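I have placed the structure first, in the form of structure tokens, so that the comments after it can refer back to it.
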Amino acid sequence: MILRSQVAGCGAYLPERVITNRELAGRLDTSDEWIRQRTGIGERRVAAPGELTSDLALRAAERALASAGMNGSDLDLLVLATATPDNTFPATAAKVQARLGMVRGAAFDVQAVCAGFIFALSVADNALRLGQARTALVIGAELISPFMDWSDRDVAVLFGDGAAAVVLEASEREEGVLAEKLGCYGDAREILRVQGMGGRYANRGVLYGITRWQFEGQEIFKRAVQGMSGACEDTLTRLNVKPQDVDLVVPHQANLRILEAVAKRAHLPMERVYVNIQRYGNMSAATVPVALCEALEEQRVRPGALLLMPGFGGGLSYCAHVVRWGSRTTPLKSSAVELPPNERPALQIIRECLERKTRPSAAAPTTPFA
Ligand code: UT7
């Protein structure tokens with residue numbers, strides 16, 4: 001008997017505040033036209049001050065559990081993908097576990113930057129296949145805005161905050177993750193690096209949150225196309241599936257031109273590629289599960305559909321999963337959980353963020369060690 005991981009539910013949570021290209025162009029030497037043409041991005045979300053990755057993750061998790069008709073106490077495993085944890089330790093997953101009322105099993109974080117959710121999906125899928133767990137929650141959640149260098153147009157226009165989660169359930173049916181490919185171009189790790197986050201900077205007078213992005217856009221672009229299209233071809237060939245048999249591609253969304261290039265190389269028509277980058281930009285580990293939730297809501301995922309989910313990110317990590325969807329494409333229940341309303345406009349949040357970086361004494365009145 002082969003066990004597989006069937007997707008039983010999914011849910012997303014996007015912060016309320018939106019920042020448009022035009023608003024960014026009022027602060028940076030850029031334009032709506034440039035951003036749209038070069039990336040496909042129109043706007044992105046920014047979390048409210050005080051909102052943490054765990055807050056976004058918790059809301060997404062509650063929605064995913066409702067959609068699967070489950071509670072936190074039904075879970076055996078929680079894997080949370082993030083590059084922006086609340087703390088380096090304890091894991092953000094541990095906080096979400098406690099707040100969900102999950103009483104058994106492991107909860108831990110996975111870090112593969114933008115590819116993190118798909119890597120986390122593999123970890124959970126393997127645990128279910130091995131019988132270590134029967135139900136698992138896999139979350140992709142990122143709070144990038146506090147770590148963004150809002151004065152650097154090369155990166156400030158590209159990213160956004162968000163979270164989404166899926167519930168997996170062990171199944172004996174030929175559903176769920178059918179094939180996977182995970183890889184990493186470690187030799188290219190320095191072409192996408194956020195300076196200022198990590199042990200390399202500890203005790204060197206760097207204030208946490210003051211970052212400088214080392215970012216070679218064109219080189220990342222080339223490796224992303226190579227890694228994602230290669231991983232797509234690899235998984236499809238192993239399953240003996242032709243590109244035309246794929247019903248929907250749900251990819252990591254970093255740049256619309258990257259998606260077009262991957263689709264061309266992997267012989268996948270763009271009409272079958274789900275794109276929502278125009279609304280959110282690159283939300284790193286949250287991008288793929290948010291896209292999956294929206295594709296379901298828009299009824300782009302049919303019962304029994306064959307999905308292809310390629311991703312890439314810092315590392316440079318790359319991956320692709322082939323997932324056979326089950327018979328249910330609608331949620332069992334819905335959850336209306338929201339974070340408290342946020343009165344601040346997005347631009348004000350960014351302004352305050354920059355101010356706190358340049359004048360640390362202007363930081364929030366509460367101690368950061370609370
Ligand atoms: O998930 C992993 C995250 N990584 C990525 O998503 C990165 C992948 N790479 C990309 O998406 C693209 O390489 C970028 C969108 C980052 C850049 O697009 P590009 O077509 O490769 O542009 P470029 O870097 O070749 O820059 C072209 C020009 C340059 O000016 P000059 O030298 O031609 O005068 C840049 O300085 O565009 C300039 N530029 C901008 N102009 C207006 C760069 N950023 C901007 C900007 N607004 N925001």
For ALA133: the one exception among (1) surrounded by fewer than 18 Cβ atoms within 10 Å (Cβ to Cβ); (2) free of Cβ contacts under 8 Å to residues at least 60 places away in the same chain: (1)
Single residue of ALA346, ALA320 found to be touching a Lys or Arg at 6+ places or on another chain (Cβ under 9 Å), buried (at least 21 other Cβ atoms within 10 Å of the Cβ), under 29 Å from ALA254 (Cβ atoms) and at pLDDT 90 or above: ALA320
Strands (runs of 3 or more DSSP E) fully within the range 165-260 counting 2 or more residues that are within 15 Å of the ligand (Cβ to nearest atom) and surrounded by 18 or more Cβ atoms within 10 Å (Cβ to Cβ): 192-195
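Per-residue answers, yes or no, for (1) more than 16 Å from the ligand (Cβ to nearest atom); (2) over 27 Å from SER317 (Cα atoms):
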| residue | (1), (2) |
| --- | --- |
| SER5 | yes, no |
| TYR13 | yes, no |
| ARG22 | no, yes |
| LEU28 | no, yes |
| ARG38 | no, no |
| LEU56 | yes, no |
| LEU77 | yes, no |
| ALA81 | no, no |
| ASP109 | yes, no |
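Results for (1) crowded, with 20+ Cβ neighbours inside 10 Å; (2) modelled with pLDDT of 95 or more, shown as yes or no for each residue.
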position	(1), (2)
LEU77	yes, yes
THR88	no, no
VAL96	yes, yes
ALA106	no, yes
ASP109	yes, yes
PHE119	yes, yes
VAL123	no, yes
ASN126	no, yes
Residue tally, condition within 8 Å of the chain's Cα centre (by Cα) and closer than 12 Å to LEU14 by Cβ, over the range 278-294: 5
Meets criteria (surrounded by 17 or more Cβ atoms within 10 Å (Cβ to Cβ) and touching a helix residue (DSSP H, G or I) at 6+ places or on another chain (Cβ under 7 Å)) for PRO49: no
Condition check for ALA60: within 16 Å of the ligand (Cβ to nearest atom), at pLDDT 95 or above, of a type in the set (A, V, I, L, M) and within 18 Å of ASN282 (Cα to Cα): no
Complete set of residues in the range 270-304 that are assigned to a loop (DSSP other than H, G, I, E, B) and in contact (Cβ under 8 Å) with a residue 24 or more places away in the chain: TYR274, VAL275, GLY281, MET283, GLN299, ARG300, VAL301, ARG302, PRO303
Only listed residue being touching a helix residue (DSSP H, G or I) at 6+ places or on another chain (Cβ under 7 Å), within 13 Å of the ligand (Cβ to nearest atom) and of a type in the set (D, E, K, R), chosen from ASP154, ASP161: ASP154
Pairs, first farther than 20 Å from ARG328 by Cα in the range 60-81, second hydroxyl-bearing (Ser, Thr, Tyr) and in a helix (DSSP H, G or I), C-beta under 9 Å, six or more apart: LEU80/THR53; LEU80/SER54; LEU80/THR92; ALA81/SER284
The range 82-103: number of residues that are free of Cβ contacts under 8 Å to residues at least 12 places away in the same chain and within 18 Å of VAL167 (Cα to Cα): 1
Members of the range 285-327 that are touching an Asp or Glu at 6+ places or on another chain (Cβ under 6 Å), more than 16 Å from the ligand (Cβ to nearest atom) and farther than 20 Å from LEU268 by Cα: GLY326
Subset of the range 280-295 [surrounded by fewer than 24 Cβ atoms within 10 Å (Cβ to Cβ) and either more than 29 Å from CYS184 (Cβ to Cβ) or aliphatic (A, V, I, L, M) (or both)]: ALA295
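The values are calculated or read from the model by the stated rules, or taken from the named source; none is laboratory data. Bear in mind that the values here come from a model prediction, so they are computed numbers and not experimental data. A quick note on method: Cβ atoms are made from the backbone with ideal geometry, for glycine too, and the neighbour counts reach across all protein chains shown.
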